[in-house]
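Note sheet for the following structure.
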Amino acid sequence: EDKVVQSPLSLVVHEGDTVTLNCSYEVTNFRSLLWYKQEKKAPTFLFMLTSSGIEKKSGRLSSILDKKELFSILNITATQTGDSAIYLCAVVQTGGGADGLTFGKGTHLIIQP
Amino acid sequence: KAGVTQTPRYLIKTRGQQVTLSCSPISGHRSVSWYQQTPGQGLQFLFEYFSETQRNKGNFPGRFSGRQFSNSRSEMNVSTLELGDSALYLCASSEQGGVNSPLHFGNGTRLTVT
């Protein structure tokens, strides 16, 4: 059975800390991995990763994919209270998979002032 | 461009009733996907529509159905509601589906079944 596992499930840190969120996957016909940030309602798109070893960066956020070891990490440096959210990882499959995207259960990140 | 719009924002229904949720995608997006989000199960894929055709389907019972109109707007219907159907239902649109382009989510419809 295809699965996407995120860790930790929840994380509480102080402002200014650096955090690393993990996403491992076991799926057939992997095509890409996506990261989303969900604050109150709508998840918002962060990164799409398709190639191993190429870091995607946006401000204080960065992410990288390891297709050999089947995982991705999302780094947030100099965290701010506005980074508090649920971070979702999703894997996209090809080959006519009928399941669309497979999401992990998310990491609930809380940044304390 | 306006974002993905879902209506209504909140719904309270009783067991056995049926409900219809609506989603208007971003202009130009032809793919609309539906997801159910619960604290215990996370985000689970319901189905995807592209150009009025259901292209992918998740592992949900037949009580969950959907359709897409020629203007790409989509509706999702749940019949014979059960308590376990209480969840946040998210709609997402993309140009081609999640394979080649990221999904853009709406704010969801919070359904409570009593």
**Request:** Hey, could you check segment B:1-57 for residues that are within 19 Å of residue A:43 (Cα to Cα) and among the β-branched types (Val, Ile, Thr) and say which is nearest to the other protein chains (Cβ to nearest Cβ)?
**Result:** B:4
**Request:** Filter segment A:32-55 for residues that are within 14 Å of the chain's Cα centre (by Cα) and more than 26 Å from residue B:107 (Cα to Cα) and give the result.
**Result:** A:50, A:55
**Prompt:** Considering A:44, A:28, A:20, which residue is in a strand (DSSP E or B), in contact (Cβ under 8 Å) with a residue 40 or more places away in the chain and touching a strand residue (DSSP E or B) at 6+ places or on another chain (Cβ under 9 Å)?
**Reply:** A:20
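Which ranges mark the strands (runs of 3 or more DSSP E) fully within segment B:6-114 that have 3 or more residues being closer than 24 Å to residue A:33 by Cβ? Working first, answer last.
Numbers: elements: B:10-13, B:19-24, B:31-38, B:42-50, B:53-57, B:64-68, B:74-78, B:87-94, B:109-113.
Fully inside segment B:6-114 and qualifying: B:31-38, B:42-50, B:53-57, B:87-94.
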**Request:** Taking residue A:65 as meeting all but one of (1) modelled with pLDDT of 90 or more; (2) within 14 Å of chain B (Cβ to nearest Cβ); (3) touching a Phe, Trp or Tyr at 6+ places or on another chain (Cβ under 9 Å), write down the number of the exception.
**Result:** (2)
**Asked** If you take the residues of segment B:54-105 that are touching a Leu at 6+ places or on another chain (Cβ under 9 Å) and acidic (Asp, Glu), which of them is surrounded by the fewest Cβ atoms within 10 Å (Cβ to Cβ)?
**Response** B:75
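Could you say which residue among A:28, A:81, A:107, A:77 is in contact with a Pro (Cβ under 9 Å, 6 or more places away or on another chain), more than 14 Å from chain B (Cβ to nearest Cβ) and on the phi < 0 side of the Ramachandran plot? Walk me through it before giving the result.
Working: A:28 fails: in contact with a Pro (Cβ under 9 Å, 6 or more places away or on another chain); A:107 fails: more than 14 Å from chain B (Cβ to nearest Cβ); A:77 fails: in contact with a Pro (Cβ under 9 Å, 6 or more places away or on another chain).
Being in contact with a Pro (Cβ under 9 Å, 6 or more places away or on another chain), more than 14 Å from chain B (Cβ to nearest Cβ) and on the phi < 0 side of the Ramachandran plot holds for just one of A:28, A:81, A:107, A:77, which is A:81.
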**Message:** As an exercise: evaluate residue A:110 against (1) in contact (Cβ under 8 Å) with a residue 60 or more places away in the chain; (2) surrounded by fewer than 17 Cβ atoms within 10 Å (Cβ to Cβ); (3) more than 27 Å from residue B:91 (Cα to Cα) and give the number of the one condition it does not meet.
**Reply:** (3)
**Prompt:** Residues of segment B:18-63 being out of contact with any strand residue (DSSP E or B) (no Cβ under 8 Å at 6 or more places or on another chain) and touching a residue at least 60 places away in the same chain (Cβ under 8 Å), which ones?
**Reply:** B:28
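State yes or no: is residue A:5 surrounded by fewer than 16 Cβ atoms within 10 Å (Cβ to Cβ) and either in a strand (DSSP E or B) or in contact with a His (Cβ under 9 Å, 6 or more places away or on another chain) (or both)?
Working: surrounded by fewer than 16 Cβ atoms within 10 Å (Cβ to Cβ): yes; either in a strand (DSSP E or B) or in contact with a His (Cβ under 9 Å, 6 or more places away or on another chain) (or both): yes.
Yes.
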**Request:** Just give me the residues in segment A:1-31 being under 24 Å from residue B:101 (Cβ atoms), of a type in the set (S, T, N, Q) and within 12 Å of the chain's Cα centre (by Cα), in sequence order.
**Result:** A:6
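The values are calculated or read from the model by the stated rules, or taken from the named source; none is laboratory data. Model, not experiment: these values are computed from the prediction. Note that we place each Cβ from the backbone using ideal geometry, even for glycine, and neighbour counts take in every protein chain shown.
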